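Remarks on the structure that follows.
What follows draws every value from the coordinates through simple rules; no lab data is involved. Note that the coordinates shown come from a computational prediction; the quantities given were computed from them, not determined experimentally. Don't worry about glycine lacking a Cβ; one is built from the backbone with ideal geometry, like all the others, and counts go over all protein chains shown.
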Amino acid sequence: MPRYRCRAYTKEGNLVTRRLDALNEAAAFGELHRQGLVAVDLTVEEEKKGGKLKKLSLENHVLFCRSLTGYLKGGLNLTDALRLLIKQSPERQLSRIYEALYQEVAGGKRLAGAMKDLGVFREGLVGMVTSGEHSGSLVPILQRGAGLYRQEQLLRKKVQKALTYPVVMLFVGSGVVSFLMVFVVPKLAGLFTEMDKVLPLPTRILLGLASAMQSYGIPLLLVILLGILVLRRRKKKIRLPLFRRIREQIARSLVLGQTAALVQAGIPLVQALEMAAPMDTPNPNRWLEVAELVRQGYRFASALEKQGNFAEDLIYILRVGEMGNDLPGAMEQAAETAWEMAESSMERMANLAEPLLVLFLALLVGFVVISVLLPIFDISSLVGTM
């Protein structure tokens, strides 16, 4: 956000110099006018420290909708509510966003237009706010947005919770086995090779693996880390086939839930689908294809069926909703069903993953122990016969 240096006259006729941060010149002039100053010139002095504004997180979307709703329900006007948000913001980045919104709105721009210009809010929320401002129902629309993003936030937390324990166990177990293979087994290798007899097969396999890890372990680890870094820089995610159905259910729940909220807010179905499509991170294009079919005159359920990538149960629920003139309600029902199915699948997978991981790690450690003990037993038996 640029910083402006301006000279202006006060009501008493005194020439003063002011510096202020504003999104653009119009916002700067609007702020000066609000302060009762008449600007005579305005120049950009420097870029505000902090750089470009970052996209607003999901948690901050919930915070923004809830906080603004509370102030507006308390009787404050929009500019006063935004001014309070600036003061009470827990983060500097969030405060900068609220300040930019305040300057734009104080300069005469609508809230939705200011949010769109900033580029840090979700397109779906911008569309909902646009509809709320046109219909005079901004407060209930913001309440609806807060509930929608809160639901998505809870779903993300459930996914993280379901995966945390198995992932931690896998890393700890892999670390223990790697330690044994790299530091413990090589020290015993010299003793084993001095034995004047053929080593047991498990021991030979173990020594081969230990030798390979010593020779290629660090380069392989570097290659894996480099690959992960490249994927992250290209904003690509590693998707396991095992979670494909769960991702499908989550995407369905998020897209249909937001589409229903946007349609109830007065946004046309085609536009609502285009806004909600990015929430389906595996395949947003299928929803855009459905939106295009609806634009061509197809009913929603028929468009889903023609697109060909949607389950029959979803198409049936939406067709019944269209026949009963309650498509938003049908979409909400389908979103809730998908949510429950995803939640049930995650819990079942988490409950199954824990004992399987314990069994896998026990077998792995047991193999290492047996491979080490077998030659020792042979040495003991050899000594006993002497």
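Going by how many other beta carbons lie within 10 Å of each one, how would you line up Phe29, Phe179, fewest first? List each step's numbers first, then the result.
Numbers: Phe29 19, Phe179 11.
If I rank by nearby Cβ atoms, fewest first, I get Phe179, Phe29.
Can you give the calculated 222 nm mean residue ellipticity of the chain, where each DSSP H run of n ≥ 4 adds -39,500 (n - 2.57) and the sum is split over every residue, rounded to the nearest 500 deg cm²/dmol?
Roughly -24500 deg cm²/dmol at 222 nm, from the helical runs in the chain.
What does the charge add up to near Tyr149, with Lys and Arg as +1, Asp and Glu as -1, over the other residues with Cβ less than 14 Å from its Cβ? Neighbourhood net charge equals +4. A full extension of the chain between Leu163 and Thr79 corresponds to an added length of 25.9 nm, given 0.36 nm per residue minus the alpha carbon distance.
If the only charges are +1 at each Lys and Arg Cβ and -1 at each Asp and Glu Cβ, what is the size of the charge dipole of segment 245-355 around the Cα centre, to the nearest 20 debye?
On the way: 9 positive and 16 negative charges, 62 e Å.
Value, rounded to 20: 300 debye.
Each of Thr17 and Glu133 was given a label point 7 Å from its Cα along the Cα-to-Cβ line. The distance between the two points is 3.6 nm.
What's the local net charge at Val62, with K and R +1, D and E -1, over the other residues with C-beta under 15 Å away? Walk me through the numbers on the way to the answer.
Numbers: positive: Lys55, Arg66, Arg122, Arg144, Arg150, Arg156, Lys157; negative: Glu59, Glu91, Glu152.
Once all neighbours under 15 Å are counted, the net charge is +4.
Let's test the formula: R0 of 51 Å, r as the Cβ-Cβ distance of Asn283 and Lys187. What FRET efficiency results, to the nearest 0.05? Write down the numbers at each step before the final one.
Working: r = 52 Å, r/R0 = 1.01.
According to the calculation, E is roughly 0.50.
In summary, the aspartates and glutamates within cross-link reach of Lys187, defined as a Cα separation below 19 angstrom excluding same-chain residues under 8 places away, comprise Asp196, Asp378. Counting only whole DSSP H helices of the chain, the ones at least 24 Å long by C-alpha along their axis and with mean Kyte-Doolittle hydropathy no lower than 1.0 are 201-233, 327-385. Within straight-line reach of Lys87, meaning a Cα separation under 20 Å, sit the following aspartates and glutamates at least 8 residues removed in sequence or on another chain: Asp21, Glu31, Glu59, Glu99, Glu104. Binning the alpha carbon pair distances of segment 243-376 at 10 angstrom intervals from zero yields the distribution 12, 36, 21, 10, 9, 7, 4, 1, expressed in whole percent.
For the chain, what does the relative contact order come out to in percent, with C-alpha contacts under 8 Å and a separation of six or more? All intermediate terms of the calculation are to be shown ahead of the outcome.
Working: 400 pairs, mean separation 52.8, N = 386.
It rounds to 14 percent for the chain.
Neighbours of Ala350, meaning other residues whose beta-carbon lies under 14 angstrom from its beta-carbon, give a summed charge of +1 when Lys and Arg score +1 and Asp and Glu score -1. For the peptides 249-257, 102-110, 163-171, residues were scored by their other Cβ atoms within 10 Å and the scores averaged per peptide; the highest-first order is 249-257, 102-110, 163-171.
Bridgeable aspartates and glutamates around Lys158 (alpha carbons under 14 Å apart, same-chain partners fewer than 8 residues away excluded): Glu340, Glu343, Glu347.
Net length available on complete extension from Ser178 to Thr43 is 42.4 nm, with 0.36 nm assigned per residue and the Cα-Cα distance removed.
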